[in-house]
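The values are calculated or read from the model by the stated rules, or taken from the named source; none is laboratory data. Everything numeric in this text was worked out from a predicted model, so none of it was measured. Here the Cβ is made from the backbone with ideal geometry for all residues, glycine too, and neighbour counts use every protein chain on show. Side chains are part of the model used for accessible areas, which takes the heavy atoms of the whole protein and leaves out ligands, DNA and RNA. Shrake-Rupley method; radii C 1.70, N 1.55, O 1.52, S 1.80 Å.
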Amino acid sequence: MAKNKARRLDKYEIVAALQEIAALSELKGGKDKFKARAYLTGARVVAGMEDVGEAVLANRLTSLPGIGSGLASQIEQLYLTGKSSVLEDLKKEFPSGMLELSQLQGLSINKVKTLHEQLGISSIADLKAAAEAGKIRNLQGFGAKTEAALLASITDKKQRAKEQNRLHLPRAMQTAAELLGYLNSATGVIEVSVAGSLRRWKETVGTIRLVANTKRPAALIEHFLKYPLIAQVIERMEEACIVLLAGGARVSLVAAQPDEFGLALLTETGSQSHVERLHRIANGEAPDGKVKKARPRKKKKRAATNSAEQQVERDIYAQLGLQYIPPELREDSGEIEAAFAEKLPEDLLKLEDIRGMVHCHTTYSDGKHTIEEMARAAEAMGMQYITITDHSPTAFYAGGVKLDQLKRQWDEIDEVQERVKIKLLRGTESDIIANGQLDYPDKVLEKFDIIVASIHSRYKMDGTKMTQRIVTAMQHPVFKIWGHALGRKLLSRPSFDCDVERVLDVIAESRAAIEVNASPQRLELEPKWIREARKRGIKFVISVDAHATAELQYLKYGVGTARRGWLRKPEVLNTLGTKAFMSAVRPA
């Protein structure tokens, strides 16, 4: 019999493997710490690639910034065989649970080593047992508080583990696009639409939900179940199924007849509580909870919609006496009451409203591409301006720009400006250091065109001190933008402790705005806090936090998050033209 070919990894699986190599190299210490940085760089490069397979097969990995021959060899192995010789060797050096321990909040690499050497702890289970037995508090550098905190971290990790089967938006979108291509090739398909949390632009996606409009539902389900990447059929019915793909994605498909498609799409888009409310309204309950038939909205001239699916849903909402509710708002968080009172914003931010790229890194800090490469990529997307906001000196791990490098960077910005039409703004992502000060002298801060102020260290500071740290920064007299506000990384690092409402109150009275960070790893502020900020009249920017030209495409994720927070076009500063934007964000 012929041997089974190894399954090729997709780029997200390759990124995960490179990150695992980096973590184990960091755990090993010594010279391997430098290897860890190299593999983290490699992970970032691969994450920003459109087609890693094409680069492997064309033998051009080493032409990419930050990828040497050794790293290229491992990426090639991972893509072609699903394995990495470096990763396999590292795994042999550590008990299987050591990496998991190193990723537990509150445990540094050195503490992991101490626990292993002193108590033989090599897994989360070992750690939990030792902490419950009171053995950890007696170790030098730990204590009773640390022991209690570790038990709390274990509980938190278990909770987050339940979310690990969820996908970041780019991976969910890519998978959905591939599935749509396959389904649209079937006979009798009228259209196939994305539904569920992906259509609502949720930060992460547990199940990719698809709804098909077809006159032959059973035949379409049969066709779908022949999709070559299906690893397991979880549930199968005549007109619906749920499957698990080889890469771990969970997919649901509902096939509906044309006269049932609109209702199926609305129901499958959710959220569950939103749909339940609609059912109750259809059965006679008004949004205020009283039993009262909702009056159908009077027909009036509607704005043209960009899809038949949206028109079908508009008709359903109208029959219920409601304004059309965009998918991003369907969370049962006040949108039904607003739609009933005809007070939903009709000028929600759209992708085409954005006129400039904010929060972009270059090779001057930890970016992959030069100032000119970033500028030309933004220009090709039709942008009018781009902010060059490399890290400040305290972010040494990211190659922060020191004072003596600033003039060279600004000179290069001036030189590039002569060769491109897009306006380049001199900026910084200035660290908010522990005492709340910004990481450049005031006389330098005043010379920038734009300042993004962010926290990159000491995430575990207690809530009171963290709140004061941010408040101090926001009260600084220069205009600044609060960057990736609460420091979270989706599915890996929770938000730090902070009194957000107090910070918002201060921002409302200060020379400050807030970014909606479009990086798929962040996507913050989360919608509930965007809405709270809106109540205070705070302005926003949609930032890409791009470290490569490909990451400028993150913009759509930021717009999706902004819409989930009900953000309107006039509330977003980078919907302004160049001169108006520069005037709005000028620090001095």
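For this structure, a couple of remarks:
- Residue match in the stretch 343-351 (condition: basic (Lys, Arg), buried (at least 22 other Cβ atoms within 10 Å of the Cβ) and farther than 25 Å from ALA580 by Cα): no
- Criterion violated by TRP410 - all others in (1) assigned to a strand (DSSP E or B); (2) farther than 23 Å from VAL45 by Cα satisfied: (1)
- Search result, residues across the stretch 91-136 that are within 27 Å of the chain's Cα centre (by Cα) and not in a helix (DSSP H, G or I): GLN103, LEU104, GLN105, GLY106, LEU107, SER108
- When residues of the stretch 422-441 are limited to those that are farther than 20 Å from GLU509 by Cβ and free of Cβ contacts under 8 Å to residues at least 40 places away in the same chain, the one least open to solvent (accessible area, probe 1.4 Å): THR428
- All positions within the stretch 251-275 that are among the acidic types (Asp, Glu) and surrounded by fewer than 17 Cβ atoms within 10 Å (Cβ to Cβ): ASP259, GLU260
- Only residues that are without any contact (Cβ under 8 Å) to a residue 60 or more places away in the chain, under 28 Å from GLY577 (Cβ atoms) and surrounded by fewer than 18 Cβ atoms within 10 Å (Cβ to Cβ) were counted across the stretch 380-402, and they come to 2.
- Subset of the stretch 578-588 [aliphatic (A, V, I, L, M) and open to solvent by less than 40 Å² (accessible area, probe 1.4 Å)]: MET582, ALA584, VAL585
- Hits in the stretch 79-90 - residues which are more than 31 Å from the chain's Cα centre (by Cα) and of a type in the set (Gly, Ala, Ser): none
- Residue check, GLY188 closer than 28 Å to GLU260 by Cα, within 22 Å of the chain's Cα centre (by Cα) and not hydrophobic (A, V, I, L, M, F, W, C): no
- Matching residues, the stretch 525-577, being open to solvent by less than 10 Å² (accessible area, probe 1.4 Å), in a loop (DSSP other than H, G, I, E, B) and not hydrophobic (A, V, I, L, M, F, W, C): GLY565
- Residue list for the stretch 507-524, restricted to those being closer than 18 Å to TRP201 by Cβ and assigned to a strand (DSSP E or B): GLU515, VAL516, ASN517, GLU524
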